[in-house]
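Okay, so here's the structure we're looking at.
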Amino acid sequence: FNGINTRRTASTLKLRTEASLRFEKGLNPELAERALKRATALIHSIAGGEVRKGIYDVFPGKKDPLQIQFSLNSLQKILGTSYPSSQVEQVLNSLGFVYTKMDDLNLKIQPPYWRTDIEIEEDIVEEIARAIGYDSIPDIPLAGLVPQPLNQPIRILREKVKDLLVSLGLQETISHSLVSGQNLESINTPMESVIRTENPMSREQEFLRASLIPELLRATSEALKHPPNSVAFFETGRSFKKQKNDLPTEDEMAVGVLAGIRSHSFWEDTQETYDFFDAKGIIEAIFANLGVQVDYIPSKNNTVKIGHSAELFIDGTQVGMIGEINPLSINKFNLPTSAVVIFELNLSQITQFLPEQKSFFVPFSRYPAAIRDLALVVKSEISAEQIETVIRKEAFVTRVSLFDLYEGGSLSPGEKSLAFRVEVQSSEGTLTTEQLDAIFSKILQMLAQETGAVTRT
């Protein structure tokens, strides 16, 4: 009846029988007396003879039957409800328990021999509740108000950006926060701003990552080795940077990469690859959904191509970057294609610029819009975004789009021509020719004052 000993012996001798399986799981020694009586009764009924009185028990270390002290007050304490003593006694009798009443509230209970799982008072309480029915336990409302969830703008923003990126067709990756020194050097990270662990497990996990870009490009390199030669990945996580006179900063970042063939058509094999404008479209979709205006400034980051990259600013604060990877970085990561575009957003910085007001519906105009084209000559250092910002200051302007850029020819050195399509609309009525002339005259006047733009003739 020693289950542990039976198990070990059966395993050592490789003797697996029905008896060994039963005994190793723990059988009650009282079953021996019941088995003896049953066997005696069968022998007597089949072979006859005389049954003598008495049973000799030579079982060593015989234990007295388990007696459990039980109080009716335990029902209220454990279940939060109570039952009449008559109902409790009825349940105990129906389940085969033997009990002795000590007083009105206390019982001494002996579990049936086949219930070796009943060992403590709480087990008996569970049996009573199970037999009567758990639905008899009344519902008790919480004592107090449910605590309000913590306001975590950065977590809300991170989940929203992740949902947007997934809806735009990107797939999420997850990489380790600990990286190697080679990983950091691959994008020319200043080592004085990097945090080194005191007890690195290996050289591959020696530093806390200062950027999510290297690991994402490494995953891209591996993915492009297999069909369909197209990657659209993103990752969100924290980057860590050392500060000279303060604790290290931990910024929540969102990084994405587009590489290889843009799309695979079953009927047209164009083999068009991703470029800067694919990533810019993703960035514009994100900020449009967040309700934040972002400015694009030419980037000087040496990881991306000059003229095919930009840094993102909100009210003068840099919140990210976007650009095509330069050939040197492509070689460092063994990327099999030159069409690799990355973008990086600092969610910790963006959080402070999120509008507090809720979205509201603005009725659309029931009157037709008027469209006019503006061809402007400006200095080469004036960006199209600067021109668009000035045009949008006019209240009637609903849409502005750049459709032409021209340099050289009859233009003087240091000048360029930008052509914009401007859509204006009123919610109060159809704009007349006179009103349109006045609107565009005002726009040209503002452009001349703020950017020095003149109409191209």
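The values are calculated or read from the model by the stated rules, or taken from the named source; none is laboratory data. Please read all numbers here as calculations on a predicted model, not as lab measurements. Every residue, glycine as well, gets a Cβ built from its backbone with ideal geometry; the counts of neighbours run over all protein chains shown.
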Hits in segment 1-54 - residues which are in a helix (DSSP H, G or I), within 50 Å of the chain's Cα centre (by Cα) and of a type in the set (K, R):
R7, R8, R22
If you take the residues of segment 171-202 that are farther than 23 Å from I330 by Cα and loosely packed, with under 12 Cβ neighbours inside 10 Å, which of them is farthest from the chain's Cα centre (by Cα)?
E192
Looking only at segment 84-118, which residues are free of Cβ contacts under 8 Å to residues at least 40 places away in the same chain, part of a loop (DSSP other than H, G, I, E, B) and either of a type in the set (D, E) or surrounded by 13 or more Cβ atoms within 10 Å (Cβ to Cβ) (or both)?
L95, F97, D103, D104, P112, R115, D117
Verdict on E407 being acidic (D, E), assigned by TED's automatic domain parsing to the domain that holds L376, modelled with pLDDT of 90 or more and closer than 13 Å to V378 by Cα:
no
Going by what's in this entry, would I286 be described as among the aliphatic types (A, V, I, L, M), farther than 25 Å from M191 by Cα and part of a helix (DSSP H, G or I)?
yes
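Go through segment 330-377 and give me each residue that's among the hydroxyl-bearing types (S, T, Y) and modelled with pLDDT under 80.
Of all residues in segment 330-377, those among the hydroxyl-bearing types (S, T, Y) come to 337-338, 348, 351, 359, 365, 367.
Hits for segment 330-377 are T337, S338, S359.
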Among the residues of segment 137-145, are any of a type in the set (G, A, S) and touching a helix residue (DSSP H, G or I) at 6+ places or on another chain (Cβ under 8 Å)?
no
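For F276, state whether it is farther than 24 Å from E324 by Cα and in contact with a Ser or Thr (Cβ under 9 Å, 6 or more places away or on another chain). Give the steps one after another, and end with the answer.
Working: farther than 24 Å from E324 by Cα: no; in contact with a Ser or Thr (Cβ under 9 Å, 6 or more places away or on another chain): yes.
No, not satisfied.
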Considering residues that are acidic (D, E) and part of a loop (DSSP other than H, G, I, E, B), the number found within segment 378-433 is 4
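Among the residues of segment 231-249, write down those that are closer than 29 Å to G281 by Cα, touching a residue at least 40 places away in the same chain (Cβ under 8 Å) and not hydrophobic (A, V, I, L, M, F, W, C).
Within segment 231-249, the subset closer than 29 Å to G281 by Cα is 231-240.
In the following step, the residues that additionally are touching a residue at least 40 places away in the same chain (Cβ under 8 Å) were identified as 232-238, 240.
If the condition is that a residue be closer than 29 Å to G281 by Cα, touching a residue at least 40 places away in the same chain (Cβ under 8 Å) and not hydrophobic (A, V, I, L, M, F, W, C), then E235, T236, G237, R238 are the ones that fit.
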Within segment 303-329, how many residues turn out to be farther than 19 Å from A259 by Cα, out of contact with any Leu (no Cβ under 8 Å at 6 or more places or on another chain) and surrounded by fewer than 17 Cβ atoms within 10 Å (Cβ to Cβ)?
4
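So which residues in segment 295-352 are in contact with a His (Cβ under 8 Å, 6 or more places away or on another chain) and either in a loop (DSSP other than H, G, I, E, B) or not small (G, A, S) (or both), if there are any at all? Spell out the reasoning first.
Initial filter on segment 295-352 (in contact with a His (Cβ under 8 Å, 6 or more places away or on another chain)): 323-324.
Residue satisfying the conditions is E324 alone.
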So, in segment 413-457, how many residues would count as being within 29 Å of F364 (Cβ to Cβ), buried (at least 17 other Cβ atoms within 10 Å of the Cβ) and either β-branched (V, I, T) or not assigned by TED's automatic domain parsing to the domain that holds I382 (or both)?
4
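Each row is one residue, and each column tells you yes or no for (1) at pLDDT below 90; (2) closer than 25 Å to D278 by Cβ.
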| site | (1), (2) |
| --- | --- |
| D139 | yes, no |
| K160 | no, yes |
| T173 | no, yes |
| N183 | yes, no |
| S186 | yes, yes |
| S211 | yes, yes |
Checklist (1) at pLDDT 90 or above; (2) out of contact with any helix residue (DSSP H, G or I) (no Cβ under 9 Å at 6 or more places or on another chain) applied to I154, failing item
(2)
Report yes if A10 is surrounded by 12 or more Cβ atoms within 10 Å (Cβ to Cβ), within 17 Å of W114 (Cα to Cα) and out of contact with any Phe, Trp or Tyr (no Cβ under 6 Å at 6 or more places or on another chain), otherwise no.
no
Do we find a residue being loosely packed, with under 15 Cβ neighbours inside 10 Å, over 21 Å from L168 (Cα atoms) and not basic (K, R) anywhere in segment 271-293?
no
I'd like to verify a number: residues in segment 157-170 that are surrounded by fewer than 15 Cβ atoms within 10 Å (Cβ to Cβ) and in contact with a Leu (Cβ under 9 Å, 6 or more places away or on another chain), how many?
0
Condition met for P227 (surrounded by fewer than 20 Cβ atoms within 10 Å (Cβ to Cβ), more than 29 Å from E356 (Cβ to Cβ) and in contact with a Lys or Arg (Cβ under 9 Å, 6 or more places away or on another chain)):
no
Scanning segment 1-48 for residues that are modelled with pLDDT of 85 or more, at positive phi and among the small types (G, A, S) gives G48
